[in-house]
Amino acid sequence: MEEESDTRKINNSFLRDHNYATEADIISTVEFNSSGELLATGDKGGRVVVFQREQESKSQPQRRGEYNVYSTFQSHEPEFDYLKSLEIEEKINKIKWLPQQNAAYFLLSTNDKTVKLWKISERDKRPEGYNLKDDDGRIRDPSTITSLRVPVLQPMDLMVEATARRVFSNAHTYHINSISVNSDLQTYISTDDLRVNLWNLEITDRSFNIVDIKPANMEELTEVITSAEFHPQQCHTFAYSSSKGSIRLCDMREAALCDKHCKYFEEPEDPSTRSFFSEIISSISDVKFSHNGRYLMTRDYLTVKVWDLQMENKPLETYQVHDYLRGKLCSLYENDCIFDKFECVWNGSDSVIMTGSYNNFFRMFDRNTKRDVTLEASRENSKPRAILKPRKVCVGGKRRKDEISVDSLDFSKKILHTTWHPHENIIAVAATNNLYIFQDKVN
């Protein structure tokens with residue numbers, strides 16, 4: 001893993017000038033499509049930017065793998081809920097691609113309340129020679145038409161169009177935190193703090209509530225749902241995580257309302273390490289099934305855990321992401337960083353996992369060799385084809401030349417969102433308002 005990481009290089013980075021970066025430019029989600037040819041990002045301004053991978057050319061073989069802007073569109077606008085006197089942010093919380101079935105691409109994007117299905121398609125021909133319209137598009141007087149002509153398609157410059165095909169709204173009282181497309185390609189789930197709703201991709205005016213943890217008396221509320229995902233192969237199985245550090249696996253064949261889980265994953269707490277922050281740092285911010293469907297990966301504030309679906313009482317593997325922050329939880333609580341929600345992601349073969357940290361660091365753990373590495377996504381090393389050097393954080397004692405002290409970490413620079421190409425060693429990392437794309441060095 002370390003040998004690999006030393007040769008990991010920047011493939012491309014999309015940088016916006018820090019001096020002019022606004023809150024709206026902050027990237028809030030990143031997602032590769034199922035082939036890895038497209039990469040979508042969503043930001044706090046409600047925009048979706050889609051990047052397309054360069055095709056290989058014989059004259060410039062080294063350009064293969066570079067991603068360039070393919071389409072940009074405004075997915076969500078700020079809204080106001082007049083009944084509750086609440087502003088609804090335009091920020092894109094999640095993007096999920098649908099597997100490609102024809103020449104067009106489809107993706108789901110969601111803000112706090114509304115999910116939209118977008119179609120992204122190409123047009124390189126336009127019809128000409130209408131009978132009832134002239135070349136400028138004006139309607140012709142039918143009495144002046146003396147002969148009929150057959151319209152023809154003429155070539156034109158390539159145009160990429162994004163159109164909203166479906167809008168799924170009015171189904172969530174609380175903020176949507178995740179969406180997940182089912183393997184049956186007909187349904188998807190949207191999840192908020194207390195409920196999971198099941199939608200058909202063709203039907204926008206109704207959804208089915210499949211999980212509801214809202215108590216009759218809200219004062220009895222002890223936990224909220226933080227994330228949910230469908231199993232990659234079994235269309236009836238999904239998992240959702242909670243703020244108490246547990247994961248529930250549900251089977252939709254058992255009942256229409258999946259309030260009773262079929263499996264419950266939770267690690268018993270060590271009483272000797274209990275503190276004021278225990279409950280906060282045990283809250284799960286992300287849950288992901290492995291591609292083969294055998295494992296679940298969860299991310300809490302300090303660790304990434306891998307669970308075997310056949311073993312509920314403890315995780316199969318636990319990886320410390322930034323254990324050096326354990327002594328700084330008090331100051332992280334005061335500056336609200338302790339509530340940051342980091343995502344985690346598998347590589348294509350489920351052998352390596354990746355997640356973000358502070359100071360623009362991100363971590364990779366090789367499950368086979370048990371090696372791990374810390375890498376940095378920053379403007380200083382963002383020259384194309386620059387090779388990334390592993391970083392180390394020094395906790396106390398004497399600091400070596402290439403180490404960084406835990407006290408000098410910048411907690412405003414954080415990598416919350418990452419994604420991994422489904423088949424190759426290409427990763428995309430969102431660092432505030434910058435997107436970095438790295439790939440293994442190609443000789």
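The values are calculated or read from the model by the stated rules, or taken from the named source; none is laboratory data. Here the structure is a predicted model, which is why all the values come from computation and not from measurement. Heads up, the Cβs are rebuilt from the backbone with ideal geometry, glycines too, and the neighbour counts pull from every protein chain shown. The accessibility values were calculated without ligands, DNA or RNA, using every heavy atom of the protein model including side chains. Shrake-Rupley method; radii C 1.70, N 1.55, O 1.52, S 1.80 Å.
Ignoring everything except DSSP H segments at least 4 long, calculate the 222 nm mean residue ellipticity for the chain; use -39,500 (n - 2.57) per segment, divide by total residues, nearest 500.
The helix contribution divided over the chain gives -500 deg cm²/dmol.
Name the residue farthest towards the positive end of the dipole of the chain from the options L83, W118, G137, assuming +1 on Cβ of Lys and Arg, -1 on Cβ of Asp and Glu, about the Cα centre.
Final value for the positive-end residue is G137.
Pairing rule first: another cysteine's C-beta must sit under 4.7 Å. Under that rule, which cysteines of the chain stay single?
So far as the 4.7 Å Cβ criterion goes, C235, C262, C330, C337, C344, C394 stand without a partner in the chain.
Accessible area per residue, 1.4 Å probe, Å², for segment 292-443: what's the number?
For segment 292-443, the solvent-accessible area averages 45 Å² per residue.
Between Q154 and D323, with labels modelled 7 Å along Cα→Cβ, what's the label distance in nm to one decimal, could you check?
Between Q154 and D323, the simple spin-label model gives 7.0 nm.
Kindly rank 239-252, 134-147 from highest to lowest mean number of other beta carbons found within 10 Å of each residue.
Result, highest mean first: 239-252, 134-147.
Once you charge only the Cβ atoms, +1 for Lys and Arg and -1 for Asp and Glu, what is the size of the charge dipole of the chain about its Cα centre, to the nearest 20 debye?
Here the chain has a charge dipole of around 1060 debye.
Based on the Cα atoms of the chain, what semi-axes does the equivalent ellipsoid have, where each is the square root of 5 times one gyration tensor eigenvalue, given in whole Å with the largest first?
40, 30, 21
Considering only DSSP beta bridges whose two residues both sit in the chain, what percent are antiparallel, to the nearest 5? Show your work: numbers first, answer last.
Details: 114 of 117 bridges.
Roughly 95 percent of the DSSP beta bridges within the chain come out antiparallel.
Please build a GNM for the chain, connecting alpha carbons under 10 Å apart, and tell me which residue among A428, A216, A40 fluctuates the most.
A216
Under 27 Å Cα-Cα from K328, which lysines qualify once same-chain neighbours fewer than 8 residues away are excluded?
The qualifying lysines are K244, K305, K314, K341, K370, K389, K392, K398, K401, K413, K414.
How big is the gap, in Å, between the Cα center of segment 336-375 and the Cα center of segment 285-321?
12 Å
Would you work out what percent of the accessible area of segment 66-223, with all protein chains in place, is carbon or sulfur (probe 1.4 Å)?
Values: 4550 of 9360 Å².
Taking all protein chains in place, segment 66-223 shows 49 percent carbon and sulfur surface.
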